[in-house]
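Peer 1: For reference, the structure I am asking about is given below.
The values are calculated or read from the model by the stated rules, or taken from the named source; none is laboratory data. Because the structure is a prediction, the values reported are computed rather than measured. Note: ideal-geometry Cβ built from the backbone for every residue, glycine included; neighbour counts use all protein chains shown. For accessibility, only protein heavy atoms count, side chains too; no ligands or nucleic acids. Shrake-Rupley method; radii C 1.70, N 1.55, O 1.52, S 1.80 Å.
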Amino acid sequence: MPDRLTEDLPATGHAAELAREQTNLTTLYERLDAMREYAQRRLRTVLLETGGTPQARSERESFTQLYSEDLAKYDAAEHGLCFGRIDLSAGSDGVAEQRYIGRLGILDEDDDYATLLLDWRAPLARPFYLATTATPDGVTRRRHIRSRNRRITTVTDEYLDLDLAQAEGAIESDTGVGSESALLSALNAARTGQMTDIVETIQSQQDAIIRSEHKSVLVVQGGPGTGKTAVALHRAAYLLYTYRKQLDKAGVLIIGPNSTFLDYIGQVLPSLGETGVLLSTIGNLYPGVRATLEDSLRAGELKGSLDMIDVLKKGVRDWQQTPPEPIRMTFDGYEITLDRKIVSKARGRARSSRRPHNLARPVFAASVVDALTDQLAQTIGKDLTGGQNLLSQADLTEIRDEMRADTEIQRAIAGLWPILTPQEVLAGLWADPARLARAADRFSPEDRKELFRPDDGNFSAADAPLLDELAELLGVDDAEERERSRRRWRAQLAEAQDALDILTGSAPQDLEDDLDPEILMAYDLIDASQLAERQNVRTHQTTAERAAGDRTWTYGHVIVDEAQELSEMAWRMVMRRIPNRWVTIVGDVAQTGDPAGASSWQQMLEPYVAQRWRLTELTVNYRTPAEIMAVAADVLAAIDPGATVPRSVRESGCPPEALHVSHSESVATVADLVAAEADRPGITAILAPHAVLGDYTDLASETVRVLTVAEVKGLEFDAVILVDPQDILDESPRGLNDLYVALTRATQRLSVVYSGELPEVLTALN
């Protein structure tokens, strides 16, 4: 775009450039304030409106949501509104174009809606991320603009045109050709406990993935610190920008490994102008259930295996009982008997219907009622004739109808084939050793002991996919709810018709014959069904809110972070929610810590998309300094000798240290290390084995986190203090993977404190 923001100021000297850009930035913020003021004014107007028809109230709710989302977007763009500029070589008209890049698009209403600021996701903004000295794509200069509280703090130029750089004396200055100073500045900044976006420093390798047009499963494999999570979040923002109409309706789901991780990334999408994405863990993805329990490693592994499908099927069938003794009941003065033969036949019919358990129950109930009707007919026939049944078909139909309404008979049917919920079945399975033994007969007694758990109403993260599977096996019998809805609708329809009848009768009787046929009355414009429909006030919810409460919701796009941790059962749960299979998967199989997790992407994805998935890789490590990565490389080699170590882009100047202490000195040593970090900016993490984690909790503070390795998936800290790495290796079948994760969380400093033996894979620390 033409440089519509720049005033006619001198273009010489760094101070002059800062002044020019400050003027530009001020103009942008003035326009942002005007947009915010308009949204606030419209929101106030809508909120002050009251009364009206249900349709008017519904429209007000929609406008309230619209303007509230606009305000949230404007507030999120407040920090770092404009962060870059690209200068393009002169075109055929001799005009050199300049494009300013920022967090959202801003137009100039006073100049025929010319573009003042390009949204970073717009195609015209892409050269800001892709242009290099080798392929400048017409870009002569890339400018990075840093600001704070609406004031320019620094302006850094990268010259992609050598002639321009020489002409402006840039080669001898702090800026330079293809400079990475802006990136390194961002990487070296202290952490705050919240992930920040990388919109200002997206690299070309990352940009290609963010904007990928692949419409099936896209796997982003990358080692520690390669920006997998940042890429995934920016891809979500890009897709929502590019496919707004499609994804606004269906929604985008982002699945993370734990709640700590979701809290960590929670501000990234709002900062990119997106607030309608649902973030969830696997454990919280099943509506109405929050994972609060923690399974043993073995129990989690068992629950994550596909063997659980057979266990759950048997667990459901175990509720489909036959009576050990005949059930004798009285109906209309006659004794009837519900025996094993009747129930077995009814159960066979219900199962052969191949309907889910709850939906097959009417088949079971109908078969039982038919058998009892025939039994009663035979009894009545004998009493009346001493032999042959003489009841008519109408008599039999009447008896069936009465039996369907009989409390005693229905209670017996409910005991033999009950309506079940997934929570009821799963809790009952874990809490009943006999039921568990019948369903999980393929598991050893030791494994069944791992699965056993008293029913306290709580579930674990590994239970959520099993609840989802049970929901498929059980089905939802909503016949009663549909009937209630029909009754409500009939009542509303009757009320609406009464209202119209009153309006019809209100016309003056003496004018009825003389009424002008062109005068329209209410009953000429609307019928009873339309009037009744207008009384249904719908509560407005965002797409994310509606999706979160609906187990059967299918999303437009799903992003799975730390995807290597998902079990086979978890993948079944995820894939039910994305039938179009448009999924972005980010992870690193070398970091798989869950025994039920992935050892290869093909193993997990082939059942759903066969070979129709694309693998991309991130190979540059932006987080972990080269000194720390040299130590972690030995662990990676032990996990997979053929794996490629991601290349670190920087050194911290702080080689990692190992401190051997007695067991009694461990806590004091760690406390000293924490104290030494207190004067430095950023966040420190103490990573310890489960068994001793409690010894260090008193050291936790606003800037110090005490965590297990499982809790730091996807997170990063300025300094990491790793306690007893050998115990971390020993406490899990995938201890090497856990150790690799622990070593690669630090952005600056790593200390290892151990009281036993130092693992052989860490000999580089000696």
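Peer 1: Restricting the calculation to Cα positions, tell me the Rg (one decimal) and the Dmax (whole number) of the range 609-766 in Å.
Peer 2: 15.9, 55
Peer 1: Could you tell me what percent of the DSSP beta bridges with both partners in the chain are antiparallel, to the nearest 5?
Peer 2: 35 percent
Peer 1: Further question: DSSP loop (so not H, G, I, E, B), at most 13 other Cβ within 10 Å: list which GluC sites (Glu not before Pro) in the range 640-714 pass both filters.
Peer 2: Answer in residue order: E651, E702.
Peer 1: Where does the charge balance sit around S216 when Lys and Arg score +1, Asp and Glu -1, over other residues with C-beta under 10 Å from its C-beta?
Peer 2: Here the charged neighbours net out to +4.
Peer 1: OK, next. Could you work out the local net charge near L605, counting Lys and Arg as +1, Asp and Glu as -1, over the other residues with Cβ closer than 14 Å to its Cβ?
Peer 2: +2
Peer 1: Given the Cα-Cα distance of Y38 and E657 and 0.36 nm per residue of separation, how much length would full extension add, in nm?
Peer 2: Extending this stretch completely gives an extra 217.2 nm.
Peer 1: Using each residue's phi in the range 328-345, evaluate 6.51 cos²θ - 1.76 cosθ + 1.60 at θ = phi - 60° and report the 3J(HN,Hα) Karplus result to the nearest Hz, with x for Gly and Pro.
Peer 2: For the range 328-345, the Karplus-derived couplings read 9, 9, 10, 9, 6, x, 10, 8, 10, 10, 9, 10, 4, 5, 4, 5, 4, 5 Hz, x marking Gly and Pro.
Peer 1: Oh, and also: Determine the per residue accessible area of the range 66-106 with all protein chains present and a 1.4 angstrom probe, expressed in square angstrom.
Peer 2: So the range 66-106 comes to 38 Å² accessible per residue, rounded to a whole number.
Peer 1: Given the protein chains as shown and a 1.4 Å probe, how many square angstrom of E97 are accessible, to the nearest 10?
Peer 2: Using a 1.4 Å probe on the heavy atoms, I get roughly 50 Å².
Peer 1: Just going by the charge dipole of the range 360-454, with Lys and Arg at +1 and Asp and Glu at -1 on Cβ, which of Q423, L376, A405 is farthest out on the positive end?
Peer 2: The one lying farthest along the dipole's positive direction is Q423.
Peer 1: Quantify, in whole percent, the carbon and sulfur part of the accessible surface of the chain (1.4 Å probe; protein heavy atoms only).
Peer 2: After summing per-atom areas, the C and S share lands at 50 percent.
Peer 1: How much accessible area does T196 have with a 1.4 Å probe, in Å² rounded to the nearest 10?
Peer 2: 90 Å²
Peer 1: Report the residues of the range 640-666 in range of a label on A626: point 7 Å along Cα→C-beta, backbone N strictly under 11 Å from it.
Peer 2: Counting backbone N atoms under 11 Å from the label point, the list is 648-653.
Peer 1: Set the Förster radius R0 to 51 Å, insert the Cβ-Cβ distance between K215 and T26 as r into 1/(1 + (r/R0)^6), and round the FRET efficiency to 0.05.
Peer 2: FRET efficiency, K215 to T26: 0.75.
Peer 1: Only one of the values (i) 31.4; (ii) 28.8; (iii) 30.1 was calculated from this structure for Kirkwood radius over Cα pairs in Å; name its label.
Peer 2: (i)
Peer 1: Then there's this: Residue farthest toward the positive end of the dipole of the chain, with Cβ of Lys/Arg at +1 and Asp/Glu at -1: which of I585, G304, L722?
Peer 2: With unit charges placed on the Cβ atoms, the residue in question is G304.
Peer 1: Over the range 115-156, with the other protein chains present, what is the accessible area per residue in square angstrom, probe 1.4 angstrom?
Peer 2: 45 Å²
Peer 1: Output the relative contact order of the range 588-717, whole-number percent, from Cα pairs under 8 angstrom with separation of 6+ residues.
Peer 2: Taking the mean separation of contacting Cα pairs over the length of the range 588-717, I get 18 percent.
Peer 1: So, R0 is 51 Å and r is the distance between the beta-carbons of L48 and A16; what FRET efficiency does that work out to, to 0.05?
Peer 2: That gives a FRET efficiency of 0.60.
Peer 1: Kindly write out, for the range 238-255 in residue order, the coupling ³J(HN,Hα) from the Karplus curve 6.51 cos²θ - 1.76 cosθ + 1.60 (θ = phi - 60°), rounded to whole Hz, with x marking Gly and Pro.
Peer 2: So the Karplus estimates, Gly and Pro as x, are 5, 5, 5, 6, 7, 10, 4, 4, 6, 7, 4, 7, 8, x, 10, 10, 10, 10 Hz.
Peer 1: Which value, in debye to the nearest 20, describes the size of the charge dipole of the range 192-240 about its Cα centre when Lys and Arg Cβ atoms bear +1, Asp and Glu Cβ atoms bear -1, and nothing else is charged?
Peer 2: 180 debye
Peer 1: Quick one: length gained pulling T64 to K249 fully straight, 0.36 nm per residue minus the C-alpha distance?
Peer 2: Taking T64 through K249 to full extension adds about 64.8 nm, to one decimal.
Peer 1: Along the range 214-221, what does the Karplus equation 6.51 cos²θ - 1.76 cosθ + 1.60 (θ = phi - 60°) give for ³J(HN,Hα), rounded to whole Hz, x for Gly and Pro?
Peer 2: 4, 9, 10, 7, 10, 9, 10, 8
Peer 1: Charges only on Cβ, +1 for Lys and Arg, -1 for Asp and Glu: so what's the dipole of the chain about the Cα centre, in debye to the nearest 20?
Peer 2: Charge dipole of the chain: 1920 debye, to the nearest 20.
Peer 1: Let me ask something else. What is the gain in length, in nm to one decimal, between R298 and A678 on full extension, counting 0.36 nm per residue of separation less the C-alpha to C-alpha distance?
Peer 2: 132.9 nm
Peer 1: Determine which residues of the range 641-684 fall in the zone a paramagnetic label at Q205 would reach in this model, i.e. backbone nitrogen under 13 Å from the point 7 Å along Cα→Cβ.
Peer 2: So the set is 644-650.
Peer 1: Place a +1 charge on the Cβ of each Lys and Arg in the range 303-431 and a -1 charge on the Cβ of each Asp and Glu, then give the dipole magnitude about the Cα centre in debye, rounded to the nearest 20.
Peer 2: 800 debye
Peer 1: Let me have the relative contact order for the range 716-766, percent, based on Cα pairs under 8 Å that are six or more residues apart.
Peer 2: Relative contact order, the range 716-766: 51 percent.
Peer 1: Step through the table entries K314/K449; K303/K449; K215/K713; K449/K713; K215/K249, compare each Cα-Cα distance with 20 Å, and write down the pairs that go over it.
Peer 2: K215/K713; K449/K713
Peer 1: Something else now. Could you work out how far the C-alpha centroid of the range 713-731 sits from that of the range 110-164, in angstrom?
Peer 2: 40 Å
Peer 1: Which one, L436, V199, A350, is farthest towards the positive end of the dipole of the chain when Lys and Arg carry +1 and Asp and Glu -1 on their Cβ?
Peer 2: Of L436, V199, A350, it is A350.
Peer 1: Distance from the Cα centre of the range 270-301 to that of the range 74-106, in angstrom?
Peer 2: If we compute the Cα centre of each part, the gap is 38 Å.
Peer 1: In units of 2.2 N^0.38 Å, what is the alpha-carbon radius of gyration of the range 535-608?
Peer 2: Cα Rg divided by the expected 2.2 N^0.38 Å: 1.37.
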